[in-house]
Amino acid sequence: MTSHTATFDRKTWMGLLARAKPERLAQLFPELPAHELLRPPEIGAVMVQGRAGGAGSAFNLGEMTVTRCALRLISGAVGHAHVQGRDKPHATRAAVVDALMQTDQAAALAAQVLAPLQDEERVRRSARAARAAATKVEFFTLVRGEDQ
């Protein structure tokens, strides 16, 4: 398990919130504080790019549906979120957490919401890596007489 005193930078917490399962985020953070929508949740598409071999030239892979939201808490903190899919409540909840992480509530919120999400993501990735490793095939070449 991760220490609940771990610190998160904004890039890390934004990624965790975007990748979180909406129902799990709602379970960890059920009550939203009062806020004003600066940009109500809206659904759109972004172009996803890929690279051949990880280092080759970029190419357009296709479009992906995303939902974005921007809001301001009563305290004045502003939060933003972009999440995959068409889930407006997920984008709103992620934006609220982003805003709260910029306040004095960050440490408590990191322990309550972000650390469990990070632990669960680590378990999911390990399980996926184990499933992939189980299908790994080792190739080898025997030296043939004519190759010498």
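When VAL143 is tested against (1) closer than 17 Å to LEU71 by Cβ; (2) exposed (fewer than 10 other Cβ atoms within 10 Å of the Cβ), exactly one condition is not met: (1). Given the conditions (1) under 15 Å from the mean Cα position of the chain (by Cα); (2) closer than 11 Å to LEU114 by Cα; (3) not small (Gly, Ala, Ser), which single one is not true for THR7? Of (1) under 15 Å from the mean Cα position of the chain (by Cα); (2) closer than 11 Å to LEU114 by Cα; (3) not small (Gly, Ala, Ser), only one is false for THR7: (1).
The selection criterion, being in contact with a strand residue (DSSP E or B) (Cβ under 6 Å, 6 or more places away or on another chain), among the hydrophobic types (A, V, I, L, M, F, W, C) and under 13 Å from LEU32 (Cβ atoms), does not hold for ALA70. Taking the criterion of being surrounded by 14 or more Cβ atoms within 10 Å (Cβ to Cβ) and in a loop (DSSP other than H, G, I, E, B), the residues of the range 27-84 that qualify are PHE29, LEU32, SER75, ALA77. From the list GLN112, GLN84, the lone residue that is more than 29 Å from VAL48 (Cα to Cα), in contact with a helix residue (DSSP H, G or I) (Cβ under 8 Å, 6 or more places away or on another chain) and in contact (Cβ under 8 Å) with a residue 40 or more places away in the chain is GLN112. Of all residues in the range 121-129, at least one satisfies being touching a residue at least 12 places away in the same chain (Cβ under 8 Å) and under 24 Å from PRO22 (Cα atoms).
Residues of the range 8-26 that are farther than 15 Å from CYS69 by Cβ, crowded, with 20+ Cβ neighbours inside 10 Å and not aromatic (Phe, Trp, Tyr): LEU16 alone.
The single residue among GLN112, GLN105 that is surrounded by 10 or more Cβ atoms within 10 Å (Cβ to Cβ), out of contact with any strand residue (DSSP E or B) (no Cβ under 9 Å at 6 or more places or on another chain) and either closer than 15 Å to ARG24 by Cβ or of a type in the set (Ser, Thr, Tyr) (or both) turns out to be GLN112. Only one of the numbered conditions (1) aliphatic (A, V, I, L, M); (2) within 27 Å of GLN102 (Cα to Cα); (3) in contact with a Lys or Arg (Cβ under 7 Å, 6 or more places away or on another chain) is violated by ALA58, and that is (2).
Every read-out reported here was derived from the displayed coordinates using simple, explicitly stated rules and does not represent laboratory data. As the structure is a computational prediction, the values presented were derived from the model and not from experiment. Here Cβ is always computed from backbone atoms with ideal geometry, including for glycine, and neighbour counts include all displayed protein chains.
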